[in-house]
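J.: Before I ask anything, let me first share the structure, which is written out below as structure tokens.
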Amino acid sequence: MPEDEMADILARPDGVAAWRRNWAHAVLPLAILAATLFIQGPLAHLPDWAVVPLADWVGGGLNWFAREATIGGVKVADITRALATAAEMPIDWLKVLLAEGWVTGAGFNKMHIAPPLSWLGVILATSLLALRLSGRGLALLTLLAGAYLVFFGLWLSAMTTLASVVLCVITALALGLAMGIWAYRSPGAEAVLRAVMNIMQTVPVFSYLLPTLLLFGYGPSAALFATVVYALPPMVHATVLALRSVPAETLELARMTGCSRAQTLLKVELPVATPRLAIGLNQVVMMTLNMVIIASMIGAGGLGYDVLRALRRLDFGAGFEAGMGIVALAVVLDRLTQVAAHNQSTGRRGLWKRRDTAIAVLLLLVPTAASLAVPAFATWPDGWTLTTAPFWNGAVSFINQNFYGPLEAIRTATLLGVMNPFRDLLLAAPWSAVVLLVALAGYALGGLRTAFSVALLMLFIVVTGYWEAAMSSVYLTVLSVALALAIGLPFGIWVSAHPRLHQPVQLVLDTLQTLPTLVYLLPAVMLFRNGDFSALIAIVSYAIAPAVRYGMAGMAHVPSERIEAGIMSGCTPWQTFRFVRLPSSLPTLILGINQTVMMALSMLVIAALVGTRELGQEVYTSLARGETGPGIVAGLCVACIALVADALLKSGAARAARHEGAVHV
């Protein structure tokens with residue numbers, strides 16, 4: 001450090017203390033790293049006798065609860081099976097309405113009494129809704145999405161998926177509203193619910209399938225319960241935030257007019273909070289759709305099962321077509337709920353008239369009645385379907401045949417030169433040193449409370465016996481996030497300087513984030529086979545979207561007056577970026593890193609399908625074997641890693657924001 005800069009720091013009132021803190025933060029990690037060379041015994045590798053058998057306790061407890069426990073003299077197993085049977089009824093009704101029609105008999109005695117709603121009627125009625133809510137653009141997009149599902153033979157699978165999504169969204173919406181209102185009214189309940197919901201949002205999706213399988217058995221009802229639990233947290237958070245956004249003067253006016261608590265809630269708070277609640281609904285729809293795809297593993301069926309079946313057969317073409325069908329369905333649902341939220345927030349109401357309801361009913365009924373005479377209106381004939389699967393499979397085969405050497409060289413060099421050494425380094429590091437380093441980082445960024453929290457989370461991983469699997473997860477996550485940020489952040493920053501590219505890039509990012517996670521695995525496996533490198537490619541592809549998005553957002557949020565001040569002081573474009581734009585956008589960029597880490601961890605568990613050896617594989621193996629305890633505890637270890645990363649990065653973002661405020665006051 002130059003002498004004049006050092007003198008300037010020490011001249012400040014808190015300069016000596018700040019200099020000492022920075023010096024300590026630099027020396028202590030180096031001392032801990034040096035100490036790792038001498039750490040041996042239990043402080044390096046926890047002995048088996050010290051491992052807490054939490055997985056056995058959880059598994060035994062859940063097995064007892066599901067098979068032996070009683071409530072009021074009635075076995076829990078009987079209650080859960082009754083709930084599963086009850087949940088299957090509305091699912092079956094929706095399937096009859098949308099996909100299967102009214103059928104009696106089975107086998108050769110099978111007879112169609114009434115057809116399902118015609119695909120033509122559903123597409124036209126949905127397009128009318130899109131036209132009224134948004135305009136011609138969304139209506140045309142809806143028509144194209146529906147036509148894709150029909151012409152590529154995906155309509156029945158899409159309607160099966162839609163039936164599950166509709167029921168799950170309604171259930172999650174009702175439960176989320178109730179829990180959110182309770183949390184809003186009770187500060188104690190809010191603290192507990194916030195902690196539980198934060199953990200639920202970081203637990204891998206496979207972990208939700210384990211207890212539902214044990215309690216509700218294999219089938220659509222188990223998938224329903226797993227999906228509702230997975231999609232619940234965003235609705236609870238959105239409800240609390242929406243109710244808190246109601247202006248105080250509005251609540252005061254309600255009290256002055258003599259409204260009771262129930263009247264205030266139903267006639268004042270909920271109507272005023274509707275725009276923010278609509279945003280929560282959009283998040284629930286997208287999370288439900290994503291989970292329904294994963295839930296195909298336990299009997300949900302639909303498009304998710306089509307993608308999973310293609311992945312098992314390594315049929316990239318069929319998987320890509322089914323995946324794009326999910327994208328078509330997701331884009332339409334996403335745009336409709338987004339437009340509804342926007343219309344609510346801007347006060348655009350009354351767009352849907354009574355005559356529109358009559359027209360929509362006619363659009364549904366007329367083609368459905370016509371399908372009795374023209375079966376193609378009910379089910380598109382198989383002989384008329386289109387497919388691009390041979391083209392995509394041929395393209396993959398062409399690449400493998402002609403570029404196998406370079407692709408294999410890239411894979412081998414990356415594995416031997418980067419991935420394996422980094423994994424071995426983490427596995428060889430003493431657990432005590434890693435925990436100390438993480439705690440020190442927490443103290444430096446967020447203080448004693450953050451350090452204590454992250455240390456406890458890390459110790460949970462240690463004592464449950466999943467340390468090596470956790471380090472394998474960390475190694476894949478760190479490399480994936482580093483590569484996603486190296487590509488995504490510079491690209492997002494570059495796009496931010498070209499306004500004409502904003503809308504096309506946002507459209508591509510939205511499409512990437514609606515692609516089902518399983519689709520990302522297909523090209524990686526087809527080109528690079530199973531293994532960690534394929535998982536790395538899939539995770540980077542999935543996690544790159546938030547890196548690009550926050551790169552654009554960070555540059556957009558830089559105050560224009562700071563940029564003008566830099567230009568007026570004679571800064572070159574590079575100096576303006578280095579000393580003005582980058583520091584000002586740093587809090588937003590750190591939050592982008594946080595979102596990239598969360599996305600990478602969520603994809604890491606899905607990547608267990610391609611043969612990785614980390615916590616995701618532990619969860620997936622437990623799901624395949626029906627071992628509830630190990631799967632849940634391994635899932636909680638994934639949540640611990642996510643919570644540690646979240647705490648450190650959010651503390652870093654807050655620290656950067658405070659620094660920016662202090663610098664530019």
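The values are calculated or read from the model by the stated rules, or taken from the named source; none is laboratory data. Predicted, not measured: the structure shown is a model, and the values here were computed from it. Cβ coordinates were reconstructed from backbone atoms using ideal geometry, including for glycine residues, and neighbour counts include every protein chain displayed.
J.: Among the residues of the stretch 140-170, how many are over 14 Å from VAL122 (Cβ atoms) and touching a Lys or Arg at 6+ places or on another chain (Cβ under 8 Å)?
T.: 1
J.: Show the residue pairs meeting these rules: Cβ distance below 8 Å; 6+ apart or different chains; first residue within the stretch 462-475 and in contact (Cβ under 8 Å) with a residue 60 or more places away in the chain and part of a helix (DSSP H, G or I); second residue surrounded by fewer than 20 Cβ atoms within 10 Å (Cβ to Cβ) and of a type in the set (Lys, Arg).
T.: Qualifying pairs under 8 Å: ALA469/ARG613; SER472/ARG613.
J.: Select, from ALA634, ALA600, ALA642, the only residue that is over 16 Å from the mean Cα position of the chain (by Cα) and of a type in the set (Gly, Ala, Ser).
T.: One residue alone meets the criteria, ALA634.
One line per residue, one yes/no per condition, for (1) in the same structural domain as ALA322 (by TED's automatic domain parsing); (2) surrounded by fewer than 22 Cβ atoms within 10 Å (Cβ to Cβ):
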| residue | (1), (2) |
| --- | --- |
| GLY135 | no, yes |
| LEU143 | no, yes |
| GLY146 | no, no |
| LEU156 | yes, yes |
| ALA163 | yes, no |
| VAL169 | yes, no |
| ALA183 | yes, no |
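J.: Taking the stretch 519-555 as the region of interest, how many residues are of a type in the set (Gly, Ala, Ser), more than 18 Å from LEU582 (Cβ to Cβ) and either assigned to a helix (DSSP H, G or I) or in the same structural domain as LEU303 (by TED's automatic domain parsing) (or both)?
T.: 7
J.: Among the residues that make up the stretch 63-75, is at least one of them modelled with pLDDT of 60 or more, outside any helix (DSSP H, G or I), among the acidic types (Asp, Glu) and outside the structural domain of THR171 (by TED's automatic domain parsing)?
T.: Checked the stretch 63-75: at least one residue is modelled with pLDDT of 60 or more, outside any helix (DSSP H, G or I), among the acidic types (Asp, Glu) and outside the structural domain of THR171 (by TED's automatic domain parsing).
Per-residue answers, yes or no, for (1) within 21 Å of VAL165 (Cα to Cα); (2) in the same structural domain as LEU162 (by TED's automatic domain parsing); (3) at pLDDT below 80; (4) within 20 Å of the chain's Cα centre (by Cα):
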position: LEU214; (1), (2), (3), (4): no, yes, yes, no
position: PRO220; (1), (2), (3), (4): yes, yes, yes, no
position: ALA226; (1), (2), (3), (4): yes, yes, no, yes
position: TYR230; (1), (2), (3), (4): yes, yes, no, yes
position: HIS237; (1), (2), (3), (4): yes, yes, no, yes
position: ARG244; (1), (2), (3), (4): no, yes, no, no
position: ALA248; (1), (2), (3), (4): no, yes, no, no
position: LEU253; (1), (2), (3), (4): no, yes, no, no
position: THR257; (1), (2), (3), (4): no, yes, no, no
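J.: Scan the stretch 102-115 and give yes if some residue there is modelled with pLDDT of 85 or more, assigned to a helix (DSSP H, G or I) and out of contact with any strand residue (DSSP E or B) (no Cβ under 8 Å at 6 or more places or on another chain), otherwise no.
T.: no
J.: Okay, next question. Looking at PHE206 and the list (1) of a type in the set (A, V, I, L, M, F, W, C); (2) buried (at least 24 other Cβ atoms within 10 Å of the Cβ); (3) more than 18 Å from the chain's Cα centre (by Cα), which single condition is not satisfied?
T.: (3)
J.: Same structure again: When you scan the stretch 292-308, how many residues do you find that are assigned to a loop (DSSP other than H, G, I, E, B) and either of a type in the set (Lys, Arg) or surrounded by fewer than 24 Cβ atoms within 10 Å (Cβ to Cβ) (or both)?
T.: The total comes to 2.
J.: Continuing with the same structure: Can you tell me which of LEU336, LEU277, LEU289 is within 19 Å of ASP510 (Cα to Cα), at pLDDT 80 or above and in a helix (DSSP H, G or I)?
T.: Exactly one of LEU336, LEU277, LEU289 is within 19 Å of ASP510 (Cα to Cα), at pLDDT 80 or above and in a helix (DSSP H, G or I), namely LEU336.
J.: Still on this structure, please answer the following. Kindly establish whether LEU173 is crowded, with 17+ Cβ neighbours inside 10 Å and either in contact with a helix residue (DSSP H, G or I) (Cβ under 9 Å, 6 or more places away or on another chain) or in a helix (DSSP H, G or I) (or both).
T.: Working: crowded, with 17+ Cβ neighbours inside 10 Å: yes; either in contact with a helix residue (DSSP H, G or I) (Cβ under 9 Å, 6 or more places away or on another chain) or in a helix (DSSP H, G or I) (or both): yes.
Yes; evaluated as a whole, the condition is true for this residue.
J.: What's the total number of residues in the stretch 176-192 that are at pLDDT below 85 and either in contact with a helix residue (DSSP H, G or I) (Cβ under 6 Å, 6 or more places away or on another chain) or on the phi > 0 side of the Ramachandran plot (or both)?
T.: The qualifying residues number 2.
J.: Just to check your reading of the model, which residue among ALA114, ALA130, ALA195, ALA139 is of a type outside the set (Lys, Arg) and in contact (Cβ under 8 Å) with a residue 60 or more places away in the chain?
T.: Sole residue among the options that is of a type outside the set (Lys, Arg) and in contact (Cβ under 8 Å) with a residue 60 or more places away in the chain: ALA130.
J.: Looking for whichever is free of Cβ contacts under 8 Å to residues at least 40 places away in the same chain and surrounded by 18 or more Cβ atoms within 10 Å (Cβ to Cβ) here; the options are ALA273, ALA328. Which one fits?
T.: ALA273
J.: Of all residues in the stretch 556-569, which are part of a helix (DSSP H, G or I) and either of a type in the set (A, V, I, L, M) or touching a residue at least 12 places away in the same chain (Cβ under 8 Å) (or both)?
T.: Passing the criteria: ALA556, ARG562, ILE563, ALA565, GLY566, ILE567, MET568.
J.: Go through the stretch 330-385 residue by residue and tally those that are β-branched (Val, Ile, Thr), assigned by TED's automatic domain parsing to the domain that holds SER157 and more than 24 Å from PHE152 (Cα to Cα).
T.: Qualifying residue count, the stretch 330-385: 3.
J.: Continuing with the same structure: Evaluate the stretch 570-581: report whether one residue or more is in a loop (DSSP other than H, G, I, E, B) and either buried (at least 16 other Cβ atoms within 10 Å of the Cβ) or modelled with pLDDT of 85 or more (or both).
T.: Within the stretch 570-581, one or more residues are in a loop (DSSP other than H, G, I, E, B) and either buried (at least 16 other Cβ atoms within 10 Å of the Cβ) or modelled with pLDDT of 85 or more (or both).
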